[in-house]
Amino acid sequence: MTILRIALIATAAVAALALTAVLLHREQRVERSVDIAAPPAKVWAALTDFAAYPEWNPFIRQLSGTARTGATLTVEIHPAGGKAMTFSPTLLAADPGRELRWLGRVVAPGLLDGEHAFTLEAIPGGTRLTQSEDFSGVLVPFVGSALDVGDDFAAMNAAIRDRVEAGASITR
């Protein structure tokens, strides 16, 4: 086999792998909202009181770190339909009273990435909290059903609503 032939075969193999990765790369979004009868500042205080998560949060059982853009968090989730998982995302945004957003990755960028966001919107009588996650990467088509965490988001949203509306003391 000539060097030219080996180079052509190698180039074709790399091109085929790249094309396969592009074709398999999928995205999936999960989003749930809840209205809370409290101002955004109170919802933000509860959302960023990470130490209290084990007391009330049915989905994110542990969260540690600082609510500061660029910080690394340690997050332990317990999806109702799956097994517990711990990961260390990077905070992309920590805008008090408006948005808390992080990016988590499985193994390496582009395999399975999740951009998780909590957005707070002032509405008449309180705050609309929206929790969302945009999943992307080549593994999305293979683990799609495991990414269906909408019920977990709804349970967490209801729990934070109940906590804030009950006037739970926030420690920070």
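The values are calculated or read from the model by the stated rules, or taken from the named source; none is laboratory data. Only a predicted model underlies this, so the values are computations on that prediction, with no experimental measurement involved. Neighbour counts are summed over all protein chains in view; Cβ atoms, including those assigned to glycine, are modelled from backbone coordinates with ideal geometry.
Here is a yes/no grid of residues against (1) in contact with a helix residue (DSSP H, G or I) (Cβ under 8 Å, 6 or more places away or on another chain); (2) at pLDDT below 95; (3) acidic (Asp, Glu):
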{"site": "Ala45", "(1), (2), (3)": "no, no, no"}
{"site": "Asp49", "(1), (2), (3)": "no, no, yes"}
{"site": "Ala80", "(1), (2), (3)": "yes, yes, no"}
{"site": "Phe87", "(1), (2), (3)": "no, yes, no"}
{"site": "Glu99", "(1), (2), (3)": "no, no, yes"}
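Between Thr127, Thr119, the distinction of being within 17 Å of Glu31 (Cβ to Cβ), over 13 Å from the mean Cα position of the chain (by Cα) and surrounded by 14 or more Cβ atoms within 10 Å (Cβ to Cβ) belongs to Thr127 only. Consider segment 130-156 and keep the residues that are surrounded by 18 or more Cβ atoms within 10 Å (Cβ to Cβ) and touching a helix residue (DSSP H, G or I) at 6+ places or on another chain (Cβ under 6 Å). The one that is farthest from Trp56 (Cα to Cα) is Phe135.
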